[in-house]
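Input: a single structure, listed below in structure tokens.
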Amino acid sequence: LAKTTQPISMDSYEGQEVNITCSHNNIATNDYITWYQQFPSQGPRFIIQGYKTKVTNEVASLFIPADRKSSTLSLPRVSLSDTAVYYCLVGPFSGGYNKLIFGAGTRLAVHP
Amino acid sequence: EAGVAQSPRYKIIEKRQSVAFWCNPISGHATLYWYQQILGQGPKLLIQFQNNGVVDDSQLPKDRFSAERLKGVDSTLKIQPAKLEDSAVYLCASSLVGRGPQETQYFGPGTRLLVL
């Protein structure tokens, strides 16, 4: 299973764009890249998933370069409510079934 | 659509006591997961059920932890006897099928356990 590396913490201010980069050098051909968000006292919540190039939804964008060894989660114009832990996960399969391996994540603090 | 339900939300016990957590997944979801999240860390998968069968319990401390999913719907995770290091949040999640990289896991709010 591919190991991921992401910054432990980041700080930003309201209205700014935040980019969180995740490194996954040994990503496998059939691996997807998935990001989850976790607020205090809640379970993680799916944000976005992609395989290559760029994916955008109503919450975020995910940029994946051609070599797929890294990915960047982009949060446009963050607000205080975006303060959370963001997890980058790579690779799904364990015996044919989904398996999420969470790292420590990136703690994003958004300031007024 | 109702989300994943867990109870209780909080539990305080003394070491060597027993405790049980309950989870009701999203209706129709075949796969159910139990995670342990220690403060400051990401969730760690303890056990994964596909319907009422176990497909992965490699990280479940089987000498003290047990889980069941009777009838392939709700599930119970038990710790007996509890140790101080079991203090954590226990998260339950479910997904529709459990296969395929594009499938989303839906998490419940968790049960916060404190062992004194």
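A few notes on this one:
- In order through the range A:59-66: 3J(HN,Hα) via Karplus (6.51 cos²θ - 1.76 cosθ + 1.60), integer Hz, x for Gly, Pro: 9, 7, 10, 10, 10, 10, x, 4
- Difference of contour (0.36 nm per residue) and Cα-Cα distance, B:Glu14 to B:Ile38: 6.9 nm
- Within a Gaussian network of chain A (alpha carbon springs, distance under 10 Å), most fluctuating of A:Thr29, A:Thr53, A:Thr83: A:Thr29
- Both radii come from the Cα set of the range B:1-50: Rg as radius of gyration, Rh as Kirkwood radius; their ratio Rg/Rh reads 1.00.
- For chain B, the carbon plus sulfur part of the accessible surface works out to 51%, probe radius 1.4 Å.
- Shape of the protein assembly as shown, Cα gyration tensor, a/c cut at 1.5: prolate
- Sparse-neighbourhood loop sites, GluC sites (Glu not before Pro) in the range B:9-92 - DSSP loop, at most 11 other Cβ within 10 angstrom: B:Glu14
- Looking at the protein assembly as shown alone, DSSP beta bridges between its own residues are antiparallel in about 90 percent of cases.
- Phi angles across the range B:32-41 convert, under the Karplus curve 6.51 cos²θ - 1.76 cosθ + 1.60 with θ = phi - 60°, into 3J(HN,Hα) values of 10, 10, 10, 10, 10, 10, 7, 3, x, 10 Hz, Gly and Pro given as x.
- Test item: Cα-centred dipole of the range A:11-83, Lys/Arg +1 and Asp/Glu -1 on Cβ, debye: 280
- Pairs over the 28 Å Cα-Cα cut-off, from the set A:Lys52/A:Lys99; A:Lys69/B:Lys78; B:Lys11/B:Lys62: A:Lys69/B:Lys78.
- Contact order, relative form, for the range B:1-100: 36 percent (alpha carbon pairs under 8 Å, 6 or more residues apart, mean separation divided by residue count).
- Accessible surface of chain A [probe 1.4 Å, protein heavy atoms]: carbon and sulfur percent: 53
- Residue-by-residue Karplus 3J(HN,Hα) for the range A:33-43, coefficients 6.51, -1.76, 1.60, Hz, glycine and proline x: 10, 10, 10, 10, 10, 9, 8, x, 6, 10, x
- Protein heavy-atom accessible area occluded, A/B pair - total, 1.4 Å probe, Å²: 2000
- Charged neighbours of A:Leu75, selected by a Cβ distance under 10 Å, balance to -1 (K, R count +1; D, E count -1).
The values are calculated or read from the model by the stated rules, or taken from the named source; none is laboratory data. Keep in mind that what you see is a predicted model, and the values were worked out from it rather than measured. We place every Cβ from the backbone using ideal geometry, glycine too, and count neighbours over all the protein chains shown. In case anyone asks, the SASA skips ligands and DNA or RNA and just uses the protein heavy atoms, side chains included. Shrake-Rupley method; radii C 1.70, N 1.55, O 1.52, S 1.80 Å.
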